[in-house]
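Enquirer: Okay, here's the structure, questions in a sec.
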Amino acid sequence: MNFYVMTLFPEMIENGMHTSITGRAITKGLLSLTTVNIRDYSETGNGRIDDYPYGGGAGMVMQAEPVYRAYEALKEKIGSSPRLVYLTPQGKVFHQEMAEEFAKEEELVFLCGHYEGIDERVLEEIVTDCVSIGDYVLTGGELPAMVMMDAVSRMVPGVLSNQESGQFESFQDGLLEYPQYSRPGVWRGKEVPEILLSGHHAKVERWRRDQSILRTLHSRPDLLETAEFDKQDRKFLRALLSDEYEVRITEEEKSFLAKLLAF
Ligand code: SAM
């Protein structure tokens, strides 16, 4: 996977991506990272790439021409026109399935905005995808680009070692992951759930699945609406509803589950 990032702050991207798992993958040649400093394509030659917004208002806007020139130079270097993702709070909100879809590409270009954003005309010309990492506004697109590259990198074969690649992760199967525990068995008086020490593989798997469902019900009930449940899952959901399970759920969660089970 070859990542290209058009940015005003290449050092931020380089420092972030050359750290930890992505850094190791770059060293191994499983990922490559090329940053392009948009300032190098300033029309005035003095590094200035922004100007006041037409129509007035606060802040500055990144001009179309330096972004376009940077893109043209990059396109020539790559020798093709890969998907170009503009990071923007106005884009589609990023999620795991999107990461899986982007991971199928061989090359991905990210365009990071700053200040009030980028002149709309160049965005119309070069952008193929607009992506947001959530409903909040950041100072620039660098962190969102790194979030996307990190999530996409995890899908590239070899990037995660066997130890790091979870057999189950949140959002697989449409559920959040079960809680995790490590040594010591008792930490400040708090014990690891007994079942995890039992060595009974099938019971551990069942417990984990139940915990996933419970956790998703508590934190992201919306995900349960599209998750698929087998007979055992439904049994657990009914036990939750009828207070047979050791953990009690709220009245609000009960009415949500009742509706879910009615379908
Ligand atoms: N004026 C813009 C608006 O209201 O949509 C926000 C500009 S923001 C201050 C500057 C840059 O940060 C954007 O061009 C974008 O690249 C990036 N950015 C900010 N929040 C983001 C988010 N939630 N997701 C992706 N990119 C974001």
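Enquirer: Keeping to region 90-147, report how many residues are hydrophobic (A, V, I, L, M, F, W, C) and near the ligand (Cβ under 10 Å from one of its atoms).
Expert: Here is the first cut: in region 90-147, the ones hydrophobic (A, V, I, L, M, F, W, C) are 93-94, 98-99, 102-103, 108-112, 118, 122-123, 126-127, 130-131, 133, 137-138, 143, 145-147.
Filter again for near the ligand (Cβ under 10 Å from one of its atoms), leaving 93-94, 110-112, 118, 123, 130-131, 133, 137-138, 143, 145, 147.
The qualifying residues number 15.
Enquirer: Is region 180-192 home to any residue that is in a helix (DSSP H, G or I), among the hydroxyl-bearing types (Ser, Thr, Tyr) and within 28 Å of residue 95 (Cβ to Cβ)? Talk me through it step by step, then tell me what you get.
Expert: Start the filter on region 180-192 by keeping residues that are in a helix (DSSP H, G or I), which leaves none.
No, because not a single residue in region 180-192 is in a helix (DSSP H, G or I), among the hydroxyl-bearing types (Ser, Thr, Tyr) and within 28 Å of residue 95 (Cβ to Cβ).
Enquirer: Can you name the number of the only condition in (1) part of a loop (DSSP other than H, G, I, E, B); (2) modelled with pLDDT of 95 or more; (3) loosely packed, with under 14 Cβ neighbours inside 10 Å; (4) in contact with a helix residue (DSSP H, G or I) (Cβ under 8 Å, 6 or more places away or on another chain) that residue 218 fails?
Expert: (1) is the only condition that residue 218 fails.
Enquirer: Separate question: How many residues are charged (D, E, K, R), closer than 14 Å to residue 173 by Cα and crowded, with 16+ Cβ neighbours inside 10 Å when one looks only at region 221-263?
Expert: Keep residues of region 221-263 that are charged (D, E, K, R), which gives 222, 225, 228, 230-231, 233-235, 238, 243-244, 246, 248, 251-254, 259.
Filter once more, so that each one left must be closer than 14 Å to residue 173 by Cα: 222, 225, 228, 230, 233.
When the remaining residues are screened for being crowded, with 16+ Cβ neighbours inside 10 Å, the result is 233.
The number of residues fulfilling the criteria is 1.
Enquirer: Still on this structure, please answer the following. Looking only at region 246-255, count how many residues are in contact (Cβ under 8 Å) with a residue 24 or more places away in the chain and either under 22 Å from residue 203 (Cβ atoms) or among the hydrophobic types (A, V, I, L, M, F, W, C) (or both). Show your work before the answer.
Expert: To start, the set of residues in region 246-255 that are in contact (Cβ under 8 Å) with a residue 24 or more places away in the chain comprises 247, 249, 253.
If we keep only those that are either under 22 Å from residue 203 (Cβ atoms) or among the hydrophobic types (A, V, I, L, M, F, W, C) (or both) too, we end up with 247, 249.
Residues flagged as in contact (Cβ under 8 Å) with a residue 24 or more places away in the chain and either under 22 Å from residue 203 (Cβ atoms) or among the hydrophobic types (A, V, I, L, M, F, W, C) (or both) within region 246-255 amount to 2.
Enquirer: Criterion first (over 20 Å from residue 71 (Cβ atoms) and hydrophobic (A, V, I, L, M, F, W, C)) does residue 160 satisfy it?
Expert: Numbers: over 20 Å from residue 71 (Cβ atoms): yes; hydrophobic (A, V, I, L, M, F, W, C): yes.
Yes.
Enquirer: Please verify whether region 15-37 includes one or more residues that are within 14 Å of the ligand (Cβ to nearest atom) and either crowded, with 18+ Cβ neighbours inside 10 Å or part of a helix (DSSP H, G or I) (or both). Explain how you work it out, then say what you get.
Expert: In the first step, residues of region 15-37 are kept if they are within 14 Å of the ligand (Cβ to nearest atom); the result is none.
Among the residues of region 15-37, not one is within 14 Å of the ligand (Cβ to nearest atom) and either crowded, with 18+ Cβ neighbours inside 10 Å or part of a helix (DSSP H, G or I) (or both), which makes the answer no.
Enquirer: Sticking with this structure for a sec: Among the residues of region 2-13, which ones are buried (at least 16 other Cβ atoms within 10 Å of the Cβ) and under 20 Å from the mean Cα position of the chain (by Cα)?
Expert: Once the filter is applied, which keeps residues that are buried (at least 16 other Cβ atoms within 10 Å of the Cβ) and under 20 Å from the mean Cα position of the chain (by Cα), region 2-13 yields 3, 4, 5, 6, 7, 12, 13.
Enquirer: Those residues that are farther than 13 Å from residue 149 by Cα, out of contact with any helix residue (DSSP H, G or I) (no Cβ under 6 Å at 6 or more places or on another chain) and assigned to a helix (DSSP H, G or I), I need them from region 89-126; list them, please.
Expert: 97, 120, 123, 124, 125
Enquirer: May I pose another question? Determine whether residue 199 is at pLDDT below 95 and out of contact with any strand residue (DSSP E or B) (no Cβ under 7 Å at 6 or more places or on another chain).
Expert: When the stated conditions are applied, residue 199 does not pass them.
Enquirer: Can I ask one more? Does region 38-60 hold any residues that are among the small types (Gly, Ala, Ser), in contact (Cβ under 8 Å) with a residue 24 or more places away in the chain and surrounded by 12 or more Cβ atoms within 10 Å (Cβ to Cβ), and which are they? Steps first, please.
Expert: Our first condition is that a residue be among the small types (Gly, Ala, Ser); within region 38-60, this holds for 42, 45, 47, 55-59.
Cutting the leftovers down to in contact (Cβ under 8 Å) with a residue 24 or more places away in the chain gives us 42, 57-59.
Selection gives 42 alone.
Enquirer: To continue, here is another question. Based on this model, can you work out whether residue 93 counts as loosely packed, with under 12 Cβ neighbours inside 10 Å and within 18 Å of the chain's Cα centre (by Cα)?
Expert: Details: loosely packed, with under 12 Cβ neighbours inside 10 Å: yes; within 18 Å of the chain's Cα centre (by Cα): yes.
Criteria met by residue 93.
Enquirer: Going residue by residue through region 69-83, is there one that turns out to be assigned to a loop (DSSP other than H, G, I, E, B) and not small (Gly, Ala, Ser)? Break it down into steps so the answer makes sense when it comes.
Expert: Step one: list which residues in region 69-83 are assigned to a loop (DSSP other than H, G, I, E, B), which gives 79-82.
Subset that is not small (Gly, Ala, Ser): 82.
The answer is yes, given that some residue of region 69-83 is assigned to a loop (DSSP other than H, G, I, E, B) and not small (Gly, Ala, Ser).
Enquirer: Here is a follow-up. Right, residue 85: more than 8 Å from the ligand (Cβ to nearest atom), under 16 Å from residue 153 (Cβ atoms) and in contact with an Asp or Glu (Cβ under 6 Å, 6 or more places away or on another chain) or not? Steps first, answer last, please.
Expert: Numbers: more than 8 Å from the ligand (Cβ to nearest atom): yes; under 16 Å from residue 153 (Cβ atoms): yes; in contact with an Asp or Glu (Cβ under 6 Å, 6 or more places away or on another chain): yes.
When the stated conditions are applied, residue 85 passes them.
Enquirer: Working only within region 136-174, note down all residues that are under 19 Å from residue 27 (Cα atoms) and not in a loop (DSSP other than H, G, I, E, B).
Expert: Hits for region 136-174 are 146, 149, 150, 151, 152, 153.
The values are calculated or read from the model by the stated rules, or taken from the named source; none is laboratory data. All of these numbers come straight from a predicted model, not from anything done at the bench. Reconstructed Cβ throughout: ideal geometry from the backbone, glycine too, with neighbour counts over all protein chains shown.
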